[in-house]
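See below for the structure under consideration.
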Amino acid sequence: MREGSGSRPRRRRKRRTEQLTRRGLLRFRCDFARPLGGRPVAATLWARVPPADLPEIGHAFVRLPETRNCAAVSGPHNLVLQASLHSVSDVLRLETQLATAHPSLDIVDRVIALRQDKLMGRLLDPHGRSVGIVPPDFWSEPEM
């Protein structure tokens, strides 16, 4: 192997990452202790959206400050929005705002979490701070 040959793939990955970031197709985020950041309530909304409206509505949702994650998925409920909110009453405010701005949107289900004990493989204390990890076991059988 020639000296420095390992840097070529690294440069390609760096260029590709920069290109995806510039185009808005890749974004980076940092998690924080949401209760300490003033957003202790997590809401997940499942919606039905006409396929032709998915790009417009999805792009609008990812620009909202409450949005944690937004994804188009297959199935009858083809859009999922996860949001971090200040209070439980913000769930209704957010749903009303979304439905008013996007008449073709049909919110079909929602889940509200007032506290999370685990997030992204991290055990959390009541204030949302990491106090340990739960390493994934990729080789174990799924629990039913």
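Evaluate segment 108-131: report whether one residue or more is of a type in the set (S, T, N, Q) and over 18 Å from PRO35 (Cβ atoms).
No, every residue in segment 108-131 fails to be of a type in the set (S, T, N, Q) and over 18 Å from PRO35 (Cβ atoms).
Which one of these does ALA52 not meet: (1) farther than 24 Å from LEU36 by Cα; (2) hydrophobic (A, V, I, L, M, F, W, C); (3) surrounded by 11 or more Cβ atoms within 10 Å (Cβ to Cβ)?
Condition (3) is where ALA52 drops out.
Those residues that are open to solvent by 60 Å² or more (accessible area, probe 1.4 Å), assigned to a loop (DSSP other than H, G, I, E, B) and not aliphatic (A, V, I, L, M), I need them from segment 15-34; list them, please.
ARG23, ARG27, PHE28, ARG29, CYS30, ASP31, PHE32
Taking segment 110-144 on its own, how many of its residues are open to solvent by less than 80 Å² (accessible area, probe 1.4 Å) and not in a strand (DSSP E or B)?
The number of residues fulfilling the criteria is 6.
Using beta carbons and a limit of 9 Å, which pairs, at least six apart or on different chains, have the first residue in segment 131-144 and among the hydrophobic types (A, V, I, L, M, F, W, C) and the second one assigned to a loop (DSSP other than H, G, I, E, B)?
Partner pairs satisfying both residue conditions: VAL131/ASP125; ILE133/GLY121; VAL134/GLY121.
Among the numbered criteria (1) of a type in the set (D, E, K, R); (2) in contact with a strand residue (DSSP E or B) (Cβ under 6 Å, 6 or more places away or on another chain); (3) open to solvent by 70 Å² or more (accessible area, probe 1.4 Å); (4) within 30 Å of GLY132 (Cα to Cα), which one does GLU66 miss?
Condition not satisfied by GLU66: (3).
The values are calculated or read from the model by the stated rules, or taken from the named source; none is laboratory data. Just so it is clear, the model here is predicted, and its values are computed rather than measured. A quick note on method: Cβ atoms are made from the backbone with ideal geometry, for glycine too, and the neighbour counts reach across all protein chains shown. We work out accessible area using only protein heavy atoms, side chains counted, and drop any ligands, DNA or RNA first. Shrake-Rupley method; radii C 1.70, N 1.55, O 1.52, S 1.80 Å.
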